[in-house]
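The values are calculated or read from the model by the stated rules, or taken from the named source; none is laboratory data. This one's a predicted model, so the numbers in the text were calculated from it and none came from an experiment. In this analysis, Cβ positions are derived from the backbone assuming ideal geometry, glycine residues included, and neighbour counts consider all displayed protein chains. Side chains are part of the model used for accessible areas, which takes the heavy atoms of the whole protein and leaves out ligands, DNA and RNA. Shrake-Rupley method; radii C 1.70, N 1.55, O 1.52, S 1.80 Å.
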Amino acid sequence: MYQYTEFDRHFVRQRATQFRDQLQRHLAGQLGDEEFKALRLQNGWYLQRHAPMLRIAIPYGEVSSTQLRTLARIAREYDRGYGHFTTRQNIQFNWIPLARAADVMDELAAVDMHGIQTSGNCIRNITSDAFAGIAPDEIVDPRPYCEVIRQWSTLHPEFAFLPRKFKIAVSGAAEDRAAIGWHDIGLQLLRDANGDVGFKVLVGGGMGRTPLIATVVREFLPWQQILVYLEAIVRVYNRYGRRDNLYKARIKILVKAEGQKFIDAVEHEFRQILERDVDGAAHIIPQEELDRVAQHFDAPPGVRYDPQAANDALAAAPADAPLAYRRWLERNVHAHRFPGYRAVTLSLKRAGQAPGDVTDEQLERAADLAERYSAGEARVTHDQNLVLPWVHESELYALWQEAKAASFATPNIGLLTDMIACPGGDFCSLANARSIPIAEQVAQRYQDLDELYDIGDIDVHMSGCMNSCGHHHTGHIGILGVDKDGAEWYQITLGGSDGSTHSGPAMPGKVIGPSFAADEVVDVIEAVVETYREQRAANERFIDTVKRVGLEPFKNAANAVRRTTGKALAA
């Protein structure tokens, strides 16, 4: 993990001190609500439906056991005993009183954490593959580049007030586990024919009201030039992005409208920076700077590279091992580039707990597990789970027993109950409908693990509004909450993809008809799943069946279970 320098620590603590002064002046009536709004947003503080919400950055998903314990303390002492991991490798707290906000910022700064630029119209948290540095299919470890980009983008004076929020994701593996095609900028690390490292650069992806897949603007950019090229992209967006219409302000609209003209403008700005800007070339990354950052991402002390260990297949579980353990090995334990090691997913998806939610006690237990089994490190995943990246194969059974005691061992990774969901209308002031009750109903309906395993791999993603924080567009089954005359209704989409090999090229799901009432949604999901089980070929996954047979059989099955909406449609 990257270790803060004294400069980094001074920077974050100074920011916390500055925020305390701003907060005190606001509470004293010296800074009005509108004046304070931009200041709190730049530090991750929202005003939500019931209380302030704090979003804390976990850059490219890496978090230490020490940081997890601080998050546990914040949940316990400042909030209501839990937090919520998001799809962009952040954690959110929903009940911290604004009067205590500065104290929380000090707590975070003490362990090298903050909420800087987790909200507002600026460059947000840099995200990446949760298996970065350990995945067998990795081409280049993206973490050093993520850290360089994080340092470049944090409080960048030119990009503090962009037309709209801006998100960057980086992947360094053959498998895209960072959904780069759905980001404002997606970066794919690769090597050319000579083995030199560079980036494929994608621009203009995004979900929301108009889901669009990013456009490739450079097939190969030498890594040394990435900051200059990013500067050029964001400058062009800052100059020409729509500021007159909130719904057309994202860079995806500019890229779609201008096409090649946008790419030409970026290339022109790129050359201008290098040739005409004062010290423009200073943003070319020297090898020694990359080396300085990269040394933080070596394998942690104590991790033993064992070339004699078989890494092609996990050692078989003992014949008398519990079925739950064997299923956990199948679903929650993953291959590793270090022979003898495995990555293990701690599932945060179970009945009675909203997807991505984690209690203060669970955060403490996760810290203990990371310390005991994973060199003090965990990762936050795009799917709202936690990963222990450095588990020795010999310790898997002991880890499973402890993970089970902490409610982390549900063997459902990639299955229907491993849902993605935003907090929805229970918390978010932007939401049109609640997500958490629907997720709970789905989890309760599918408690039978035998049934889940028979259904197989399927992505269910749910958002409480069109802002798509639950990435419903990318779900094999997507659920979107919509408002109709003050009532909660839900639109169902099928066939979406985040761009992974499992799902196929990035694409938004297609709507299968008019929206459904809240009390119909779980029956619709069951009808769609049962249609898949009837229509599938041997060993065919849900997403492949949808692509093969089309939407009509699923649409008919969904319409057949309408009750409330059936009457409305008939009228």
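Mind listing whichever residues of the range 212-254 are in a loop (DSSP other than H, G, I, E, B) and either of a type in the set (Lys, Arg) or open to solvent by 40 Å² or more (accessible area, probe 1.4 Å) (or both)?
Filtering the range 212-254 for residues in a loop (DSSP other than H, G, I, E, B) gives 213-214, 241-245, 249-250.
Result: Ile213, Arg242, Arg243, Asp244, Asn245, Arg250.
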Of all the residues that make up the range 481-511, how many are within 20 Å of the chain's Cα centre (by Cα) and open to solvent by 50 Å² or more (accessible area, probe 1.4 Å)?
3
In the range 444-461, the residues that are more than 21 Å from Thr545 (Cα to Cα) and either open to solvent by less than 10 Å² (accessible area, probe 1.4 Å) or at pLDDT below 95 (or both)
none
Among the numbered conditions (1) open to solvent by 10 Å² or more (accessible area, probe 1.4 Å); (2) assigned to a loop (DSSP other than H, G, I, E, B); (3) within 30 Å of Trp328 (Cα to Cα), tell me where Arg533 comes up short.
(2)
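With the structure loaded, tell me whether Gly424 is more than 20 Å from Gly352 (Cα to Cα), in contact with a helix residue (DSSP H, G or I) (Cβ under 8 Å, 6 or more places away or on another chain), open to solvent by less than 20 Å² (accessible area, probe 1.4 Å) and touching a residue at least 12 places away in the same chain (Cβ under 8 Å) or whether it fails that test.
Working: more than 20 Å from Gly352 (Cα to Cα): no; in contact with a helix residue (DSSP H, G or I) (Cβ under 8 Å, 6 or more places away or on another chain): yes; open to solvent by less than 20 Å² (accessible area, probe 1.4 Å): yes; touching a residue at least 12 places away in the same chain (Cβ under 8 Å): yes.
Taking the combined requirement at face value, the residue does not satisfy it.
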Residues of the range 157-176 being of a type in the set (S, T, N, Q) and at pLDDT below 95, which ones?
none
Which residues, taken from the range 80-131, are within 13 Å of the chain's Cα centre (by Cα), more than 22 Å from Ala160 (Cβ to Cβ) and of a type in the set (A, V, I, L, M)?
Ile91, Ala130
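Which one is nearest to Tyr78 (Cα to Cα), of the residues in the range 338-372 that are of a type in the set (Lys, Arg) and over 21 Å from the mean Cα position of the chain (by Cα)?
Step one: list which residues in the range 338-372 are of a type in the set (Lys, Arg), which gives 342, 349-350, 365, 372.
In the following step, the residues that additionally are over 21 Å from the mean Cα position of the chain (by Cα) were identified as 342, 365, 372.
Details: Arg342: 35, Arg365: 19, Arg372: 27 Å.
My answer is Arg365.
Does Gly475 count as crowded, with 18+ Cβ neighbours inside 10 Å, out of contact with any helix residue (DSSP H, G or I) (no Cβ under 9 Å at 6 or more places or on another chain) and closer than 21 Å to Pro423 by Cβ? I'd like the intermediate steps shown before the answer.
Working: crowded, with 18+ Cβ neighbours inside 10 Å: yes; out of contact with any helix residue (DSSP H, G or I) (no Cβ under 9 Å at 6 or more places or on another chain): yes; closer than 21 Å to Pro423 by Cβ: yes.
Yes.
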For the range 325-348, give me the residue count where each residue is modelled with pLDDT under 95 and small (Gly, Ala, Ser).
1
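What number of residues in the range 181-208 are hydrophobic (A, V, I, L, M, F, W, C) and either farther than 21 Å from Ala249 by Cβ or touching a Lys or Arg at 6+ places or on another chain (Cβ under 7 Å) (or both)? Before the answer, list the steps.
First pass over the range 181-208, keeping only residues hydrophobic (A, V, I, L, M, F, W, C): 182, 185, 187, 189-190, 193, 197, 199, 201-203, 207.
Filter once more, so that each one left must be either farther than 21 Å from Ala249 by Cβ or touching a Lys or Arg at 6+ places or on another chain (Cβ under 7 Å) (or both): 187, 189-190, 193, 197, 199, 201.
Here the count works out to 7.
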What's the number of the only condition in (1) out of contact with any Phe, Trp or Tyr (no Cβ under 7 Å at 6 or more places or on another chain); (2) at pLDDT 95 or above that His296 fails to meet?
(1)
So, of the residues in the range 115-144 that are open to solvent by 20 Å² or more (accessible area, probe 1.4 Å) and of a type outside the set (Val, Ile, Thr), which turns out to be nearest to Val333 (Cα to Cα)?
Phe131
Is it true that Gln151 is in contact with a Leu (Cβ under 8 Å, 6 or more places away or on another chain), open to solvent by 10 Å² or more (accessible area, probe 1.4 Å) and either under 29 Å from Glu275 (Cβ atoms) or of a type in the set (Phe, Trp, Tyr) (or both)?
no
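Here is a yes/no grid of residues against (1) open to solvent by 10 Å² or more (accessible area, probe 1.4 Å); (2) within 19 Å of Glu231 (Cα to Cα); (3) not small (Gly, Ala, Ser):
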position: Arg164; (1), (2), (3): yes, yes, yes
position: Lys167; (1), (2), (3): yes, yes, yes
position: Val170; (1), (2), (3): no, yes, yes
position: Gly181; (1), (2), (3): no, no, no
position: Asn194; (1), (2), (3): yes, no, yes
position: Val197; (1), (2), (3): yes, no, yes
position: Val201; (1), (2), (3): no, yes, yes
position: Gly206; (1), (2), (3): no, no, no
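With respect to Ile285, is the statement that it is more than 30 Å from Glu330 (Cα to Cα), at pLDDT 95 or above and in a loop (DSSP other than H, G, I, E, B) true? Steps first, please.
Working: more than 30 Å from Glu330 (Cα to Cα): yes; at pLDDT 95 or above: yes; in a loop (DSSP other than H, G, I, E, B): yes.
Considered against the rule, which asks whether it is more than 30 Å from Glu330 (Cα to Cα), at pLDDT 95 or above and in a loop (DSSP other than H, G, I, E, B), Ile285 comes out as yes.
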